[in-house]
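Okay, so here's the structure we're looking at.
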Amino acid sequence: MGHLRKCTLEDLHYVSENMREMDKLEAIYQTNQDAETAIKLSYLASKNVMAICGDEDNPIGVCGVTRNGCIYMVSTDELFQNKKYRIQLIRKGRIWVDELMKSYTILYNVVYAENEAAMKWLESLGFKFIEYHKEYGVHKKPFYQFMRIA
């Protein structure tokens, strides 16, 4: 992960078409919509959307936060397959979230309980898992509610 920058529609399109399978499943289970639609709707609802970029400025993920503090991140396989990118995601992600906390009193969302990579990342950013939902949403899949309070 070379850096974070403002997300373009081209970035969003690329990441939504090349999303990790686990992120696709999570989007479907959480929203009952196909993953591409879910991430595009999140983009439209967001106040702040960033592209997670590789060393060559290629998009390998998208992260954002809606006006009411709902935070999210989806990525391509490249982000989690590259150890350097995983380490940078934690370091730069923490800086990004710390900056967000200056404008929000709370950041929150839910994460699919089987999305272990996302859960580890969230913990490293200072989020706390506050409630387990054994049967969340229409698909009745296990999710954890998480939050970080300023």
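Each value in this text was obtained by applying a stated rule to the coordinates, not by laboratory testing. Keep in mind it's a predicted model, so treat the numbers as computed, not measured. Quick reminder, even Gly has a Cβ in these numbers, built from the backbone with ideal geometry, and neighbours come from all protein chains shown.
Rg then Dmax, both in Å and based on the Cα atoms of the chain: 14.1, 41.
Site pair Met147 and Glu10 shows an inter-label distance of 4.0 nm when each label is modelled 7 Å from Cα along Cα→Cβ.
With a cut-off of 11 Å between beta carbons, the residues surrounding Ile28 carry a summed charge of -3, where Lys and Arg count +1 and Asp and Glu -1.
The base-10 log of I(q)/I(0) for the range 62-140, evaluated at q = 0.14, 0.25 Å⁻¹, reads -0.51, -1.38 [Debye formula, identical scatterers on Cα atoms, solvent excluded]. For the range 1-62, the equivalent ellipsoid built from the Cα gyration tensor has semi-axes of 20, 13, 9 Å, listed from largest to smallest. The 3J(HN,Hα) values that the Karplus relation (6.51, -1.76, 1.60; θ = phi - 60°) gives for the range 96-113 are, in residue order, 4, 5, 4, 5, 4, 5, 6, 10, 10, 7, 8, 10, 7, 3, 10, 9, 4, 4 Hz. Gly and Pro appear as x.
Can you list the GluC sites (Glu not before Pro) in the range 47-150 that are in a DSSP coil and have 16 or fewer other beta carbons within 10 angstrom? Here the GluC sites (Glu not before Pro) that fit, given the DSSP loop and packing criteria, are Glu56, Glu114.
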